[in-house]
Amino acid sequence: MQIATNQFQKELKPHGDTAFPMLVSYERLSSYESGSFLWHWHPEIEITLVQSGEMLYKVNHCTFHLKEGDILFGNANALHSGSMLQNGDCQYISITFDPKLVYGFHESAVYGKYVKPLIQDFSLPAIQFDGTEEWHKAVSGIVGEIIWIYKEQPAFYELGLVKRLQTLWQFILENSPPILSYTSHDRIAYDRVREILSYIALHYRDKIQLKDIAEYLHLCPSECSRLFKNYMNISLFTFLQEYRIERSLEYLMDMANSISDVASRVGFEDSNYYSKVFTRLKGLSPREYRKQSNSRNHTAKSISFF
């Protein structure tokens with residue numbers, strides 16, 4: 001399984017409905033191929049509570065090491081991905097909601113004064129609550145109440161959820177660092193990085209050269225490379241390799257595909273080079289990974305049968 005996105009890496013999964021745009025879901029990294037979900041974004045806020053295990057959570061140019069009990073507030077429209085640490089699983093609860101549940105309607109004073117400045121602050125992609133500050137305890141309590149209300153749905157539960165989302169929002173505004181002003185250059189850079197990710201998602205099966213991406217963005221190759229490295233803290237070439245390896249996993253699980261077939265499907269012209277990159281990133285060869293994964297799936301099916 002992998003998160004479904006459109007060509008622009010926007011997640012397609014609905015988070016609630018138009019009447020009440022909110023979703024609380026119970027997740028685990030082992031449900032994704034290789035124990036990680038790929039880069040994507042959505043206009044909703046996402047709050048992640050780690051129930052057990054650990055996770056390496058990347059949001060825009062920042063990396064967060066989340067442990068059991070930690071909470072992460074992910075800002076609207078931020079690019080994010082998550083992965084296991086040392087192959088250990090991580091169970092977590094995801095709370096995703098449209099900020100309109102906090103501000104009501106677009107031209108409201110609440111939107112203009114308290115919501116818009118935060119969700120458009122590109123210097124604040126996420127906030128980690130790990131108990132190192134006293135006010136984190138209050139955030140943890142509110143998040144726990146949100147999860148309980150959503151699950152039990154007592155009388156007036158929608159009002160209860162909105163009330164707690166607004167309280168949480170106020171806590172963040174009162175206790176977080178001052179919101180910084182952003183420039184049009186910041187917005188352009190962010191949009192260009194999303195375009196690069198979109199191009200890779202559409203063309204990773206093809207032979208991609210830096211000049212191809214640069215021409216797509218109407219930039220010189222050096223500027224394109226610098227922009228991506230500065231924003232994502234990883235070189236464009238390394239990211240492309242990692243993305244291709246992640247995409248290869250779904251083909252690798254099909255025993256009808258040879259290793260050469262899998263390699264060619266994700267843009268590797270040389271299956272030996274694919275195996276070399278795969279082993280470096282995953283710690284075992286494609287064949288070993290396939291054997292190990294199929295063994296786990298067989299065991300899981302046997303357990304669920306009984």
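Miscellaneous remarks
- Estimated inter-spin distance, K137 and Y26, nm [label 7 Å along Cα→Cβ]: 2.8
- Within a Gaussian network of the chain (alpha carbon springs, distance under 10 Å), most fluctuating of E152, E269, E246: E152
- Tensor-based shape of segment 184-297 (alpha-carbon gyration tensor, a/c under 1.5 rounded, otherwise prolate or oblate): prolate
- Net charge contributed by nearby residues that have their C-beta within less than 10 Å of R205 (K/R +1, D/E -1): +3
- Segment 155-175 and segment 18-56 have their alpha-carbon centroids 20 Å apart.
- Taking amide H atoms as placed 1.01 Å from N in the peptide plane, the amide H of R205 has no partner under 5 Å among residues 5 or more positions away or on other chains.
- Too-long pairs where the Cα-Cα distance tops 32 Å, listed order kept, from K67/K229; K67/K100; K100/K207; K113/K229; K211/K282; K137/K282: K100/K207; K113/K229; K137/K282
- R0 of 25 Å, Cβ-Cβ distance E145-S52: FRET efficiency to nearest 0.05: 0.75
- In order along segment 122-139, the Karplus-derived 3J(HN,Hα) couplings, from 6.51 cos²θ - 1.76 cosθ + 1.60 at θ = phi - 60°, round to 6, 7, 10, x, 6, 10, 9, 10, 10, x, 6, 10, 4, 6, 4, 4, 5, 4 Hz, and Gly and Pro are given as x.
- Two-decimal Rg/Rh across segment 22-175, once Rg and the Kirkwood Rh are taken from alpha-carbon atoms: 0.95
- Neighbour net charge for V193 - beta-carbon separation under 12 angstrom, K R +1, D E -1: +2
- Selected from F237, F122, F268 as most flexible by GNM, with the chain as the system and alpha-carbon contacts under 10 Å: F237
- Taking 0.36 nm per residue of sequence separation and removing the Cα-Cα distance, the L284/A109 pair yields an extension gain of 57.5 nm.
- Proximal charge balance of N233 [Cβ under 15 Å; K/R count +1, D/E count -1]: +2
- Summing Cβ point charges (Lys, Arg +1; Asp, Glu -1) relative to the Cα centre of the chain gives a dipole of roughly 640 debye.
- Cα gyration tensor shape of the chain, rounded if a/c is under 1.5, else prolate or oblate by comparing a/b with b/c: oblate
- Positive end of the dipole of segment 184-297 (Cβ unit charges, origin at the Cα centre): among Y190, V266, P286, the Cα lying farthest that way belongs to P286.
- For segment 276-288, Karplus couplings with θ = phi - 60° (6.51, -1.76, 1.60), whole Hz, Gly/Pro x: 5, 5, 4, 4, 5, 7, 9, x, 7, 6, x, 5, 5
- Pair R226, E174: separation of 7 Å Cα→Cβ label points (nm): 4.4
- Placed amide H near H61: partners under 5 Å, 5+ positions off or other chain: none
- Working from Cα pairs under 8 Å separated by at least six residues, relative contact order for the chain is 15 percent.
None of the figures in this text is laboratory data; all of them are computed from the coordinates on show. The structure presented is a predicted model; accordingly, all values stated were derived computationally and were not measured. Neighbour counts run over all protein chains shown; Cβ positions are idealised from the backbone, glycine included.
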